[in-house]
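Below is one structure, written out as structure tokens; the observations come after it.
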Amino acid sequence: MKPTTLKHFLANKLFWDSEQQVLWLDARKVLPKVGVLGLVNWDQMMLSAEPIPAYPAGLDILNWSVHSDLRFWLQQIPAWVVESCRLFPSHQLALLHYAGRYPQMLELLDHSPMLAWQLIKAPLTEVQRVNLFQAKRTEMVAQLGWPGKAETVKFLRNLRLRAVNADLLQHVEICLLDEKRLDALQSLPRINSMALSLAARFPELIGRRLHQSLARLPCRPMQCQAMIALLEDVYRLADAIGDEDVTQKIGECRYLVEVEQLYQAQLQQTCPKWSAPGLVLTEQPTQLIDEKDWYALSQMQNQAWWLEYGQSNIELWAWMFEQQVVGVLLEKRGERKVLRLRQANNQLASVSLQTQVELWLVD
């Protein structure tokens, strides 16, 4: 059963017991190991002396669609607590219960939600976690496998993530375990997902004007992906044309739109004589063989496809999808692997296009 289908099914198996003030989840049909799970209300989480249950880590109830039974349970919990726990892809219920039971965890969730979540994820007992509440923050992060110093604590406190996925978690690890990155990030008053992603992937840009500007903007994970793809495009083309000042040029940009303008200027400088594209595409994927077709698609999409022309085991395919030009660069070593996928105007692929490409590759 797909995750979305499973969530929808389980959401309909919730029952709010108003007398006992318990939200019951009947997961016996699809998750027999979970069985019937009782979630006590917020008051009982705060006041009960019973040990905190070993909740199923992957049960992200806070991200399910809210109907009446779930709403009765949620409305008793402070909204900011729900939102903070909802950031994370796992261990939501344990994090919520610990925040209700222990004021120290509630404070940690408020000031450093990533640290609070990692503390819940760690293979510790409830007693061990409670003991860590009494320790210094530097000792706590050291117990979790991170550098036990003030810079680590400040970095985690300054994180401002609106959602956490596998990519962002990897970026957090990269920045925490690299002393140069960690030290360079100390100057930022807040680190959102774009500032974090840029620091992890392009450390040479840390602290520059673009980085400081991105750190102040609201953003979502998809914007991070678009930013990384754009910067990779710029660096790839700059390397091909021998532009040694590209980092300085990117760093002086204030917004990503200026980086896009820089990229388009590089395209024009590399191919100053753009000819009208003679490439005719249909909804049927077509492999581009001639170099002129690679240049034509590059012009149509504002993407420097021609840089990979002639490389062994590399294929470029193009077609029309929802009235937009699609280009996909494949590496063919046994199974075909997508190296780069773009829609019109050098945009990343939509979910529907990604699905179509996945189905096409398995045909």
Average silhouette area of region 36-148, convex hull of alpha-carbon atoms, in square nanometres: 7.0 nm²
Total charge dipole magnitude, the chain, about the Cα centre, Cβ charges on Lys, Arg, Asp, Glu only, Debye to nearest 20: 700 debye
Relative contact order computed over region 3-157 (Cα-Cα under 8 Å; 6+ residues apart), in percent: 17 percent
Proximal lysines relative to Lys29, as straight alpha-carbon distance under 23 Å, when same-chain residues fewer than 8 apart are discounted: Lys2, Lys7, Lys13
Order by protection proxy (mean Cβ within 10 Å, highest first), peptides 320-329, 47-56: 320-329, 47-56
The chain, relative contact order [Cα under 8 Å, separation at least 6], %: 7 percent
Once the Cα gyration tensor of region 286-362 is diagonalised, semi-axes √(5λ) in Å: 18, 17, 9
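Would you please put 94-101, 57-64 in order of how densely packed they are, using the mean number of other Cβ atoms within 10 angstrom per residue and starting with the highest? Could the numbers behind the result be given before it?
Details: 94-101: 24.2, 57-64: 17.5.
Descending mean neighbour count gives 94-101, 57-64.
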Glu83 paired with Ser65, simple spin-label distance in nm, labels 7 Å along Cα-to-beta-carbon: 2.4 nm
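Any read-out appearing in this document is the output of simple, stated calculations on the displayed coordinates, not a laboratory observation. The shown structure was predicted, so the numbers you read here are calculated from the model rather than taken from an experiment. Every residue, glycine among them, receives a Cβ derived from its backbone with ideal geometry; neighbour counts consider all protein chains shown.
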